[in-house]
Structures are given as structure tokens and as C-alpha cells.
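These notes are about the structure you will find just below.
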């Protein structure tokens, strides 16, 4: 859920939580007996975002947040515990969100120790063998280094301000790591989509594992969804989605593809006999709106 819905752009007091409720509100709606706890040094998190929590603990610093979480797990009976640590954000804002920043590195290592203590306390609860906790550890943002792409469109993969992480853990979960891709999305303005400034030898494509996927046949209705960001500019026929061996309309090279031409995107459909049809985006929109197949 993005800010266009919850309406929090800077000040969390300006929100639309009545229409798009927080996790605490939704939990209360599912169970009137469920107990939720929010622990934070941020009044905005504890009292605004966590206003529907059963218990709100506004603490002075990360050490107090850790101690409050340990006490809650030792003596309480919570169904949801949200603990915020803020020292890493403060250190990163002052000295940079980098491992080379001594204060930031120290804050991250301290928080890692706090998390270890909380996990240890969770395992020592009296009813621990019968409980089924899911642990979620996440950062709220990446670094604060301004991103000014040169010679290529903006990309979330390159903009380190989006370099956050999410860990979800449970004893029943199999390990699965999804790291930042080493091959970034394509960009370019010619038939050869490129990565960085590397020439066509390093082109990359993603192919369906099942070669029969997207074989539409000669009858029936089909839907394919593809989300593509196309920067402004003029393009020279690069294909960005298709099921076709080549672009040429020759016998045996039947199939379909979507490609760019100039400032437009188009679709090209080619039959087994080598004949086909090509439609610009305006024509395709007309077909979709009017339900013509």
C-alpha cells in the first residue's frame, strides 16, 4: 500500500488510516481478544500508527526498546509485538548509511545484538514449544545519497535510497534468499537493448521455462499482463515482450511481439503463412475498449 492510498507523505499525522487501516487496526478487527504491542522511541509510530495497539510503550532509546521487548516476552502474552530501533537511522543520517561509517556500523551491530536477545527470549517463553511466531526484520529506507543518473533512465536498482531489506523467519520456513539482481533492467533506444554502456554482446533476455507458454492458437480469448517503464524519447524498434523467433514476417516465423517505434509502442502479429497485422497503441486501445478480437 503506497502513500497515494494512506496519504502519509511526510507527517504521519496527515493520513487516511480510516479508509486504509494499519496492521494494529486490522488485527483488532479480526479478534477483539488479540493483544498487540508497539515499542518505539518515536511518538509518531507509538501513538499515531500504533494508536489501535493494545499497549503502546514510548521509550527513550534503543536500549530501552530492547528491554521493554524482553519484559513483554517474559511476562506478557502478546499476539503481535512491533519494536522499532532508531539508532541506525540516526547514525546513517549523520555519517552515511555505509559499512565504512564507524557510527553506522556500530549501530547496526548493536541492533543485531538486540534482535538476538529478543529471539532468545522468545525461545525461552514458558509456552514456546506450542507457539508459532513469525519474525519480520526490515529497514524502513535505504541511504540518503542523492541519485542523479547519467546517460540512462532512473532505476530503483541503481538508486541506493531504495536499498532496504526484509527478513521473514519461522522454523517451518525453508531458506530462500532474494538478493539485488546482478543484471539490471534493460535500457536503450535501438534494436539492441543494453545494460549500462555495454554493447550488444551483453544483452539479456528472460524466457519462459515452458516453451508452450503464450502459444495462443487460432481461437479463444487470452490475456497477458506486462508492466514496462518506457522513458521519454524516440526508439528504433526494440522488442520488449513477445513469443516469436525473429521480427521478420516470414513463413514459419509466426507469433506475436510488442515493440517500440519512435514515441509509440506497437503490437505485431504474424501468422504461419507469413502474413500478419501491426497495430499502434491507439489502435490497440480502441480494440480493448470496444471488445473487438
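Sort out which residues of segment 220-272 are touching a strand residue (DSSP E or B) at 6+ places or on another chain (Cβ under 6 Å) and part of a loop (DSSP other than H, G, I, E, B), and write them in order of number.
Passing the criteria: 226, 228, 234, 244, 249, 254.
Check off (1) in a loop (DSSP other than H, G, I, E, B); (2) surrounded by 11 or more Cβ atoms within 10 Å (Cβ to Cβ); (3) at pLDDT 80 or above for residue 210 and give me the number that stays unchecked.
The number of the failed condition is (2).
I'd like the residue in segment 184-207 that is under 24 Å from the mean Cα position of the chain (by Cα) and loosely packed, with under 10 Cβ neighbours inside 10 Å and, out of all such residues, is modelled with the lowest pLDDT.
205
Name every residue in segment 8-24 that is within 19 Å of residue 80 (Cβ to Cβ) and over 23 Å from the mean Cα position of the chain (by Cα), in order of residue number.
Correct list: empty.
So is residue 81 closer than 21 Å to residue 169 by Cα and in the same structural domain as residue 135 (by TED's automatic domain parsing) or not? Step through it out loud before you land on a result.
Numbers: closer than 21 Å to residue 169 by Cα: yes; in the same structural domain as residue 135 (by TED's automatic domain parsing): yes.
Spelling it out, residue 81 is indeed closer than 21 Å to residue 169 by Cα and in the same structural domain as residue 135 (by TED's automatic domain parsing).
Hey, among the residues in segment 1-26 that are modelled with pLDDT under 90 and assigned to a helix (DSSP H, G or I), which one's surrounded by the most Cβ atoms within 10 Å (Cβ to Cβ)?
Only one residue fits best here, namely 6.
Can you name the condition, by its number, that residue 5 falls short on among (1) under 22 Å from the mean Cα position of the chain (by Cα); (2) in contact (Cβ under 8 Å) with a residue 24 or more places away in the chain?
The single condition residue 5 does not satisfy is (2).
Could you tell me whether any residue of segment 141-160 is over 30 Å from residue 233 (Cα atoms), out of contact with any helix residue (DSSP H, G or I) (no Cβ under 7 Å at 6 or more places or on another chain) and either modelled with pLDDT under 70 or surrounded by fewer than 10 Cβ atoms within 10 Å (Cβ to Cβ) (or both)?
no
Quick check, is residue 76 within 25 Å of the chain's Cα centre (by Cα), modelled with pLDDT under 95 and in the same structural domain as residue 50 (by TED's automatic domain parsing)? I'd like the intermediate steps shown before the answer.
On the way: within 25 Å of the chain's Cα centre (by Cα): no; modelled with pLDDT under 95: yes; in the same structural domain as residue 50 (by TED's automatic domain parsing): yes.
No: the conditions fail for residue 76.
Quick check, is residue 136 over 30 Å from residue 235 (Cβ atoms), at pLDDT 80 or above and assigned to a strand (DSSP E or B)? Break it down into steps so the answer makes sense when it comes.
Numbers: over 30 Å from residue 235 (Cβ atoms): yes; at pLDDT 80 or above: yes; assigned to a strand (DSSP E or B): yes.
Yes.
Out of the residues in segment 27-62 that are touching a residue at least 40 places away in the same chain (Cβ under 8 Å) and in a helix (DSSP H, G or I), state the one that is farthest from residue 115 (Cα to Cα).
Here is the first cut: in segment 27-62, the ones touching a residue at least 40 places away in the same chain (Cβ under 8 Å) are 27, 31, 34-42, 62.
Next, only the ones that are in a helix (DSSP H, G or I) stay: 27, 62.
On the way: 27: 24, 62: 11 Å.
If we take residues in segment 27-62 being touching a residue at least 40 places away in the same chain (Cβ under 8 Å) and in a helix (DSSP H, G or I), then 27 is farthest from residue 115 (Cα to Cα).
If you go through segment 47-69 one residue at a time, do you hit one that is under 25 Å from the mean Cα position of the chain (by Cα) and crowded, with 20+ Cβ neighbours inside 10 Å? Show your work before the answer.
In the first step, residues of segment 47-69 are kept if they are under 25 Å from the mean Cα position of the chain (by Cα); the result is 48-50.
Narrowing the set further to residues that are crowded, with 20+ Cβ neighbours inside 10 Å leaves 49-50.
The answer is yes, given that some residue of segment 47-69 is under 25 Å from the mean Cα position of the chain (by Cα) and crowded, with 20+ Cβ neighbours inside 10 Å.
Regarding segment 71-78, can at least one residue be identified that is touching a residue at least 40 places away in the same chain (Cβ under 8 Å), surrounded by 11 or more Cβ atoms within 10 Å (Cβ to Cβ) and in a helix (DSSP H, G or I)?
yes
The values are calculated or read from the model by the stated rules, or taken from the named source; none is laboratory data. Computed from a predicted structure; not experimentally measured. Here Cβ is always computed from backbone atoms with ideal geometry, including for glycine, and neighbour counts include all displayed protein chains.
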